Structures are given as structure tokens and as C-alpha cells.
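Before any comments, here is the structure.
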Protein chains: 2
Amino acid sequence: MNIKPRFIALLMALAVLVGAAGSYIGIEYFANNEGEQSQSEQLANAGKNAENFGSLTEEEQKKFIEDMTGNGDLEKVAQAYNVIKENYVEEVDKKQLVEGAIQGMLDTLEDPYSVYMDQETMKQFNQSIESSFEGIGAEVSMVNDKVTIVAPIKGSPAEKAGLKPNDQILKVDGESVEGLDLYEAVLKIRGEKGTEVTLQVDRPGVSDPLNIEIVRDDIPLETVYTDTKEVDGKKVGVIEITSFSEKTSDEFHKALQKLESDGMEGLVIDVRGNPGGLFTDVQEILKEFITDEKPIVQVEDRKGEKSKYFSERTEKKEYPITVLMDEGSASASEILAATMNEAGGYDLVGTKSFGKGTVQQAIPMGDGSTIKLTLFKWLTPDGNWIHEKGIEPTVKVKQPAYFYTNPVEIEDSLKRNDNSDKIKNVQEMLKGLGYDPGRTDGYYSKETEAAVEAFQSDSGLEATGQVDEKTGGKLEEKIVEEVRDEENDRQMEKALEILFE
Amino acid sequence: MNIKPRFIALLMALAVLVGAAGSYIGIEYFANNEGEQSQSEQLANAGKNAENFGSLTEEEQKKFIEDMTGNGDLEKVAQAYNVIKENYVEEVDKKQLVEGAIQGMLDTLEDPYSVYMDQETMKQFNQSIESSFEGIGAEVSMVNDKVTIVAPIKGSPAEKAGLKPNDQILKVDGESVEGLDLYEAVLKIRGEKGTEVTLQVDRPGVSDPLNIEIVRDDIPLETVYTDTKEVDGKKVGVIEITSFSEKTSDEFHKALQKLESDGMEGLVIDVRGNPGGLFTDVQEILKEFITDEKPIVQVEDRKGEKSKYFSERTEKKEYPITVLMDEGSASASEILAATMNEAGGYDLVGTKSFGKGTVQQAIPMGDGSTIKLTLFKWLTPDGNWIHEKGIEPTVKVKQPAYFYTNPVEIEDSLKRNDNSDKIKNVQEMLKGLGYDPGRTDGYYSKETEAAVEAFQSDSGLEATGQVDEKTGGKLEEKIVEEVRDEENDRQMEKALEILFE
């Protein structure tokens, strides 16, 4: 087990990285782990026909389709296919129409987690699974038809360059991603280590799009980080889980054992910014803490039938535990948080979680392409569905306001009597750094000017009272310093503080 | 021929009202006009199979589909259909999947003018064709996946309520239109005369969505308006065409004949805000003016083969003509403008046109639903394709700046030292009305305060220097007065001015 170097390259499972924030049933072509597979099969029995389709002979496939479509459901699709193919003003690629039809059917579900991956996308997807992953290290999802950052991975190029949760990606290297699906967009963003990519992003509260340059790097696949703290002379273990992938529960067990044998007296589990991952994995972790009185999690199928999953443990851990979560904690992270609270009675510290309450399965189509389809809802131990709602913390703590400011791009110097969103952001940064700008609505007042002068004096810059590129850069630098300073992690502070209360 | 009461209920052909800004080939179930039908058939021969599909017996339909799909193109669609239908977390309606597949195929064309209309949509569409139309009277199109106003019809409830070109409709009566196609959205907006609908719109340059209440009314189907003017003692006829529908060319011929027999010495043809309509109609109108030297219009099919359409006229009209157009002039209006200029040598006055260079055909699917599909490109007499480019005027004239301001919604009074987009808009309105607000960037300066005071004094309001609801309403009222004052129509003024130069 490594000791986590905070803010240095963190690690991320691939399944999660490429997909939307996800809870996956163990995915066969992913993991050839016996245990997982059997649970997967158990869960995915409804998906059997489809899953096995790829392994049928061509004859059997034909038979299967005829059996299913003998009712003529698809005749109208065939008719439309021909109308378009034969008449449209441009020559139309047949494959394009077929894939459009599949995407169109999935679109009617209005479920951003049910998506089609074509052969090319899957090929690249599989390639990147095998080796270490090269990219920018950001978790993305489709929100309101926009490719949206759920969370940049800590220490990744994406985080270093200043990408933030809820940034909407508009362009990749000058090319619009409008109309692309999530996978197509991700493939454009990805690339070899050392190469550069420029993302144009729309950030909530910022009127002009930002251009963010990112140098791609290796994104290794480690997901569990351990640290120790002392609170009032007591030894506290901190385990951070950055995603739930194949090896996460094993790593977690080892980390926990080590902390326990070292005499840990309290534990903080940190799933902030963790977008989720394998459904089986989080269950294995929860079995360490949750007793057999309440289910670990419930799964509801399309018929509304619920399966409950239980731990065999009869006793709770002797030491107190708190869970850290935030708006970037999604899916499997939310299972962890909800269950630790509802079934374990442990506190949740931080901010409301993301709100994803469904479980997907990747279903191979036999030709290399795949449909990732939502098969189940997961419910909390008490039977709540948190989808699109999120989980409220029991102890709500936001990070300091400057954690949420944006990098500034200064072209023309900002000065007294100007008025813009950029100034608004600068005012928020100044405030975060302890300089009072008088107002934070974007109007460059006399007070703002004085705050800029004070900041410039303190930072060894000429005190012009105007924000030029240099001053803007310095502001950003100071803010990033503050954000990266563990001392300023109010959520962690609170989690430790309440541990022994 | 009626004399057009300017800014009182204007008229609009239905085909155009419901569809995107469009050039249609004569549409069979629309017009049973022999002449149109024969041209339609001539043009639409590529679409024959598809068009006749509805009239085949069920057996013949099956045979047709088997012939076309024997290659197994659609097996993968069938497979995906079954995967989704059998496994998705919710029960899925088969019809929904079928229509999603058709919509999905059309989506791959990336052509906003190729759309699917389901049975329900078509039923209502047909109903409204037969009677007079009840609605808000706005022409809409799909732009960047948003339902976007191309042009409110002059004098319509939509115009009276302040809808503007490029407004993007977000909600109808509080319900999001996200994910709806154009027809579904239009059906939500429509309704019986006298009923009220509230649109939430996103307006370029305005940060917060606006809520606009509109009382629906009859939108009658008249499309040609005549007026006469005097320029330096010369009689000038003005013919405004608001759309190209079944009777437009007949009405136009009559109007022209009347003006000519009354001794007209010059003509202005006004297609501002005219979203297009029937392809045959604009040709009939152009035959009045264009000689046989150049084609009236060219049509290019999917194979790149061009058909040229000619007039039989050998002599130009003796009187001078100018054409008025603007950013709301689309499709058939652009054919008129481009041809009058390139083949007729006439001036185009106004602003750049919309930019739609394709021709659609509505293809019935046999079950009451329809695919409206782009079959051809139209090219100008010189062979230019203006799609997504528009046509530049030969004499560029914008309306005064206040024509382009937005209605204000005041909740809390705006006052000195405030800062917002609303203030920006108020500043632009003040400027348009001749009061100098000092700046127009949204900061409520001392100068803005003085301008507000002056406006209040002049309008019989208490001179508080703050913009409350009453002052905001008065500003809007004055602006609308100015916009509706024919004296302020700079484009018309210029068109008349250059007529005899």
C-alpha cells in the first residue's frame, strides 16, 4: 500500500474513466474474476439473450431475430430506412443509418447512462483497458446534451490545468463536440502521453467560454490511498477511494487491515470526487462495516421486484467512522455513503452527492460494438431511490468559497469602472485570499481597486490597481496554493472533529 | 386585394407555419392543384417508391421491405431493439422505440429540415390545414437542438407579446421542450383562440430566461399585401409577401396587375421575415419579372445533376424594382431575392438573409405518419448554393438599434450602482429613445440615472431615477411605438430612395 502523495498523480479505473459516472455489474469482457462473474450472471439474467447473442452462430442469430420480430414491429423502421437511403439529397452511409437507429432507440429512454458504443469506439476502449491509460484524467457525463465534467481526477493533468466539476466541454482542439455522444467526445479528448489538447469549456457563472490547454499524461490505475492523522492524541486512519474498480476492494481490505493492526482508533473514508465503478466492489467494502440487520443495498428490476444483499457480519467495528463525500461522489460512492449512514449509523460529512441510482450492463452486440444499458435501480438499505436527488450529508460542510473560483484569462487589463464577469471572478478570488473587493458583482469599484493594489504589494508586483495578465496569473497561483493546502480542507477537518464526539 | 393594415393581424400559410422555414415541392395531400402536382411528380421521381408505399397492400409492402432489406442491413437494429425492449430497467413502449429509430436515422443526416412527424402530430397538422389556424403566429426552426423563433408573424399575438427572431424556446407553460422535436414543440405551443400560453425563452445577449405570456388567436391565411407610396411625385407600388402558399402567386399576379393598370412607376417587393413556402409558387412569381436568358432557379439532385427552370418572358418590366429582405427571409424568399438580383439585376435592400438552400418533400409512411425529407438543393441562377450562408444585400441597411432591444421584466427596482444585464437592456432602450445613459454595459452610472430621470419627466412619471415596473413598462411601450412607426422603417426608406437612382 502506498502512502498517497496528496495532489500528485492519482489513479483511476478505466471503466469508470471512459463511461459516465457509473455503477456497473461486473462486466464479463472486463473482469475474468470468478466471484464477480457469478454475481454478475445472477444479476443479469434478464440480459441473457442479448448477452449471448454475440456467441450464437449467424444462423442462430437470424433465427433469434425472426423470433423476436415476427410481429412486424420493425417494418416501419425498414420502410423509413429505405425512404431515407434512396431519396435523401446526399448519399447516405448504411452503417450510419443503422447506428443512428440504435442511438435513436436509446435516446427515447431519456437515460444518459444508456448509450451505444460503435466498433471503433469499443476497439479503442478495449485497447486502453489493457495498458495504462493515457489521457487527461477527467470523469465526464452527458448532462442536458452537453459533455460535462463530473470530476477531474486529483493530481491529473485535467485538475492541474484547472478543469472543474460541471464544466461543459464545447470544443476539443477547436472542433465542436456538439452532436457527438459521450464516447465519441471522450475519444477526441484522449490521446498519447505528452501531446497537448485544448478544451473550450463553458463554466456555470462565467459568460465567455474558457480555453484550457492540457498536456496528456499516464493515468495509472490505483484507487485506494491511505493516510494517518492524530486527533486529540488518537490515531485516525484515512482511506480515500478514488473509484471502484477490479482491485479496489482487495486494496481496501489490505489498507484497512494494516491500519487496524497499527492500532487505529478511528476511520475516515473519503469518497469525494469518486464517480463510482463496479457494483460488486462497493458491496465487498461495505461488508467490512455493515451488520446483517439491514441490507447493504437493494436492487430493483423492471418488474419492480427487489433483491436485497446482506453482509454476514454480526458486530460493528469498535472504532468510530465518518464518510466524506461531495457533489462529485456518484453511483457506487453513493451506495457507500447511503449504506454507511442508513445501515451503519455513521455520519456523512461534506456536500450533497451527485445522484445516480441506476446500474448499467455493457451488452456486446457481437460485431465489436456494445450497448451499455441501464438494467436496474439500486435502492438504499431503507429502500430509497436517490436518482437525480443525491444524498444529503448529515453534517453539511462546504469548502472555503475560493475552492469554487475559476482561472482567469486576461486579455485587456481590467481596471476601475470596468464591468464584466471576469471582474466578478477576480473579486471572488481576492475575497478568498483575504482582500476585501467591496463588491463581487463584476463592477470594478474603488474598493476593488484598493484590494488589487494591496494584493499586488503583498505579491511583489507593481501596485497599479489594474489586473493585467501577470496579476491574474498570480491570483490563480495563490488560489491554487490555498486549495492544495491540506490545512484548508474544511470538510476533512470537520470529519476528524466529529469522529470522537 | 386588401390594403394591408400594417401591424394588424397578418397572414401565414400553414405549411410554413408548422414546418421549419421551408421550400416545399407541391405536397400532394396539401394541394390538389394539377399543375403543381405534375411538377412535383417530375421532381420527386426519386421518392416514388416511398411515396406510393402507403397505397400498397400489406402483402406488397412486405415484399417491398424484403426486397430492400434482404441484405440484412437492419438485423443489428432488430438485435438492439430486442436488447432494449427485453432488458431496460423500465417497460419500453414498442412504438416509442420504432419512432426513436426513425428519428435516430434522420438525426444522422444532421439536417434540421429532415424530420419525422408521428401519427398524432400529422393528425393535428392536417386538421389545422383545413380550417383557419389558431395559435400564436410564430415561425420556428430547430437551431442547435433548440426550438428557435425564425420570425414572429407581423401583427400576430407572438409579435405583440414581444417574441423576437432567434429567441430559443425553453419551456411551454412551465414544461421543458428539451428533447422534443420541432413538431412536438409546436403542438404544445398551439391551441385554441383565446387561451393563454407562457413561453420561457432564452434570448441571445440576455442572461436570464424571459417569460412571455401570449394569448392565442386566429392566424388567417393571407400572404400578399399591397400598398402605394409616392416618391418625388412618382407612384410606387409595394407588395409584401409574408409566405409562399397555395394561393400566393395568384394573389401576387392580381395585385401586380392592379398596380400596373393604376399606373405604377416603380415597385418594391418586400419579403422581410418571410420564411418561405412552396417552391412552385415563388417560380410563378419570378416568371413575371425574369427573362429567358438565365434560369429562374436550378435544382440539384443527389447525383449532382442539375435541372434548370426558365421563364418564357423576353422583356424586362419597364419600371424599376427593389427587393427588401432581412435575416428572417428564408428559403423561397431567398430564391426570390437571389434571382431578382442575379438574373434581373435588381437591388436587394436590408440585411443578410437566413440561408436555407434545400427543398423538402413530405413522404407519407402509410400509417398517418410522415417523413419530411430533404430531396434537393436549389441553386441560384448563377449556380451558387447559399445554404447556411445567406444572401448579402446589395444595399445593406439595418433598422435603428432599438428595433433589436428586448422587453424588460422588472422585479426589484433597478438603481444607481446596480449592475446587471437588465440594466444593459434598459440603457440600450434609453439610447434608442434619444436619452444618453452614458454607458450600455449594465452598470447603472450617474449618467444612466440622469437619463432615467429625464425619460420619467417626459413620460409623466415621478422622476425617481430608478427603473421600477412602471418605468420599465413605459420604456417598452415607447420602444414598441417607435418600432411600429412606419416613419422609422429605414430599410423601406432606402428601398424607395434608390428605386429611381
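The values are calculated or read from the model by the stated rules, or taken from the named source; none is laboratory data. The model shown is predicted, which means the values in this text are computed figures rather than measured ones. Glycine also receives a Cβ, built like all others from the backbone with ideal geometry; neighbour counts cover every protein chain displayed. These accessible areas exclude ligands, DNA and RNA; they are computed on the full protein's heavy atoms, side chains included. Shrake-Rupley method; radii C 1.70, N 1.55, O 1.52, S 1.80 Å.
Observations on the model:
- Inter-probe distance in nm under a simple model that places probes 7 Å from Cα toward Cβ, at B:THR314 and A:GLN257: 10.4 nm
- When the solvent-accessible area of the stretch B:401-487 is split by element, carbon and sulfur atoms take up 41 percent of it, the probe being 1.4 Å.
- In this structure, the residue pairs whose Cα-Cα separation is over 20 Å, taken from A:LYS415/A:LYS470; A:LYS247/A:LYS398; A:LYS229/A:LYS431, are A:LYS247/A:LYS398; A:LYS229/A:LYS431.
- Prolate/oblate/rounded label for the stretch B:149-205 (Cα gyration tensor, a/c 1.5): oblate
- Relative to the other identical copies, B:LEU461 shows label-point distances of 4.1 nm, where the label point lies 7 Å from Cα along the Cβ direction and values run shortest first.
- Averaged over the residues of peptide B:177-184, the number of Cβ atoms from other protein chains lying within 10 Å of each residue's Cβ is 1.
- Solvent-accessible area of the stretch B:164-316 (1.4 angstrom probe, protein heavy atoms only): carbon and sulfur portion equals 42 percent.
- The mean sequence separation of alpha-carbon pairs under 8 Å and at least six residues apart, normalised by the residue count of the stretch B:401-487, gives a relative contact order of 32 percent.
- Accessible surface of A:ARG416 - all protein chains present, 1.4 Å probe, nearest 10 Å²: 90 Å²
- Residues in the stretch A:426-460 occluded by at least 50 Å² - accessible area, probe radius 1.4 Å, against chain by itself: A:ARG439, A:TYR443
- FRET efficiency, 1/(1 + (r/R0)^6) with R0 22 Å, evaluated for A:GLU493 and A:GLU392 via beta carbons: 0.65
- List of the stretch A:89-104 residues, accessible area with partners at least 10 Å² below that of the chain alone (1.4 Å probe): A:VAL89, A:GLU90, A:GLU91, A:LYS94, A:GLN96, A:LEU97, A:VAL98, A:GLY100, A:ALA101, A:ILE102, A:GLY104
- Inter-chain neighbour count for A:362-374: the average number of beta-carbon atoms from partner chains within 10 Å of each residue's beta-carbon is 2.
- Counting, for every residue in A:106-117, the Cβ atoms of other protein chains within 10 Å of its Cβ and taking the mean gives 4.
- Overall dimensions of the stretch A:207-276 as given by Cα atoms, namely Rg and Dmax in Å: 16.5, 53
- Measuring between their Cα centroids, the stretch A:335-369 and the stretch B:467-501 lie 58 Å from each other.
- Coil-residue chymotrypsin sites (Phe, Trp or Tyr not before Pro) of the stretch A:221-281, DSSP, other Cβ within 10 Å capped at 15: none
- Taking all pairs of distinct alpha-carbon atoms in the stretch B:359-457, Kirkwood radius in angstrom: 17.9 Å
- Prolate/oblate/rounded call for the stretch B:181-309, Cα gyration tensor, a/c under 1.5 rounded: oblate
- The rotation axis bringing chain B onto chain A passes closest to the chain B residue reported with its distance as B:GLY104, 1, by C-beta distance in whole Å.
- Accessible area buried between chains A and B, both sides summed, probe 1.4 Å, in Å² to nearest 100: 6300 Å²
- Overall form of the stretch B:400-501 per C-alpha gyration tensor (a/c, 1.5; a/b vs b/c): prolate
- Beyond 32 Å in Cα-Cα separation lie the following of the pairs B:LYS171/B:LYS287; A:LYS95/B:LYS294; A:LYS146/B:LYS424; B:LYS287/B:LYS377: B:LYS171/B:LYS287; A:LYS95/B:LYS294.
- Accessible surface of A:VAL172 - all protein chains present, 1.4 Å probe, nearest 10 Å²: 10 Å²
- Accessible surface, the stretch A:401-487, averaged per residue in Å² (probe 1.4 Å): 51 Å²
- Inter-copy label distances at B:GLU293, using a point 7 Å along Cα-to-Cβ, come to 9.6 nm with the shortest given first.
- For B:GLY465, nonlocal amide neighbours, meaning residues 5 or more places apart or on other chains whose placed amide H falls under 5 Å from its own, are B:GLU453.
- Label distances, nm, B:LYS396 versus same residue in remaining copies, Cβ-directed 7 Å point: 5.3
- Under a model in which nothing but the beta-carbon of Lys, Arg (+1) and Asp, Glu (-1) is charged, the stretch A:401-487 shows a dipole of about 300 debye around its Cα centre.
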